[in-house]
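Each remark here refers to the structure printed beneath this line.
Coordinate-derived values only; no laboratory data. Treat the numbers as computed from the prediction; the structure is a model and nothing was measured. Here the Cβ positions follow ideal geometry from the backbone for every residue, glycine too, while neighbour counts run over all protein chains shown.
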Amino acid sequence: MKRSLALAGLVVCVFALRAHAEIVSTLCAESEVPLDATHSAARLGDCGAADQTDLLWHLDRIDQVAGALDGHFDRQSTGAGAVVYVMDTGVMATHTEFEGPHGSRVIAGFDASGAVAIGRSNCISPDRSLAPCWSDFDELAAASHGTAVASLIAGRRVGVAPQAMIVSIRVMNERGLATTRTYMDGLDDIIRHAQSMPFQTAVVNISAWVLERLSSASSDPTPAVPFADVEKKMKDMIAGVYGKRFLFVVAANNIDGGCGRSGAIDRFPAILGKSIDGMITVGGMTSTNEAWIGTCTGGVEVLAPAQGIFSASITASDHYRGRRPNLRSGTSFAAPIISGIAARLLSERPDLTPEQLEAWITATPSRVENPDIRLASGKVAYVRSITPAAPVMASAR
């Protein structure tokens, strides 16, 4: 059973708003880009006009205490210096969302997906970890999944931490399929890469589950790695490997095939979050401040925006997910929002451990209108109420 990590055991911190905080509008224009008769992409237009929709409501939500949205997001903490490893389908490093002063903030990529024998596309790319490709529209949603996730973490316009750095760890192919072997290989890639990095703690985002699902049986001919071995590797990384620690942020998955018939979390690695300190399982919520009906339940530790989320796509370097078909909802998009919050925290306090990061993030109060104990009792992460700024020691009592 996961032990309760009391906030009293952490340094007591008091947050004060900076005088020069950057407030950006989340009221933005969107234009449609037809791809064919049934598929479209989108472009992100100007932001700030009162008659525009709250297109980037996911940013608006995480700096609001009350239920009502105000159309603004406080970018006072940008995640500068933080590193997030995105275990997914690859990240389009050339997308404008990742532009930085010295080039792309997608600083490295590793492809660990080779062990998945089924579902691999015949599309051509020099490096699928940094330039995901797709051969038909049936592959596009999965092929662009990692780019969408990374943009919500560190995108310069749609991201929670727009100066954080991304490392792409490709563990899924163009059909979104991964195995325990690709997870293990991807984790090893993270450990090797981290040895040359200056951080103390980094974040690992996982918005997927493995092909083996509930058992070690798989149609993939590559021998499966036992779930216990992957779990041990994750626990070792949380505790620290070669002086580097890792917070894992995992999507709770969705009821349309990502959990059991009862809607309860039953897939690896989402099932681990509740029992491991330093791993957070994230469920979904809506712009109307309710728990999202599509989220799996039972082991959720915090909620984040999951319905109608505007994120990057790979059909062009300035494209986002369009409305045809509407593929903008899922806890896959809630998890990176929490990863972005963790990156902001690490930018402020790089000394924080994975266990402390989890404690800060899950210490948020219940805020949805329909709280459910199976969905973290309605707790929604809120960046300004949890950011540990300059530490102030608690007075003795």
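The table below gives the values:
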{"read-out": "Fewest-first sequence of 267, 328, 43, 344 by Cβ atoms within 10 Å of each Cβ", "value": "43, 328, 267, 344"}
{"read-out": "Fraction of antiparallel bridges per DSSP, the chain only, in percent to nearest 5", "value": "40 percent"}
{"read-out": "Residue exposure sequence - 73, 248, 199 - by fewest surrounding Cβ within 10 Å", "value": "199, 73, 248"}
{"read-out": "Residue (of 303, 230, 352) at the positive-pole extreme of the chain, dipole from beta-carbon charges", "value": "352"}
{"read-out": "For the stretch 354-380 and the stretch 157-196, distance of Cα centres in Å", "value": "25 Å"}
{"read-out": "Dipole axis of the chain (+1 Lys, Arg; -1 Asp, Glu on Cβ), positive-most option in 81, 326, 93", "value": "81"}
{"read-out": "Gyration tensor (alpha-carbon) shape descriptor, the stretch 77-386, a/c threshold 1.5", "value": "rounded"}
{"read-out": "Cα-centred dipole magnitude for the stretch 77-386, charges only on beta-carbon of K, R (+1) and D, E (-1), debye, nearest 20", "value": "400 debye"}
{"read-out": "Which of 358, 348, 369 has the fewest Cβ neighbours within 10 Å, and the rest in rising order", "value": "369, 348, 358"}
{"read-out": "Positive-end residue, the chain charge dipole about Cα centroid, Cβ charges, pick of 126, 28, 179", "value": "179"}
{"read-out": "Residue-averaged [θ]222 nm for the chain, counting only DSSP H segments that reach four residues, each worth -39500 (n - 2.57)", "value": "-6000 deg cm²/dmol"}
{"read-out": "Charge dipole (debye, nearest 20) of the stretch 281-385; +1 at Cβ of Lys and Arg, -1 at Cβ of Asp and Glu", "value": "400 debye"}
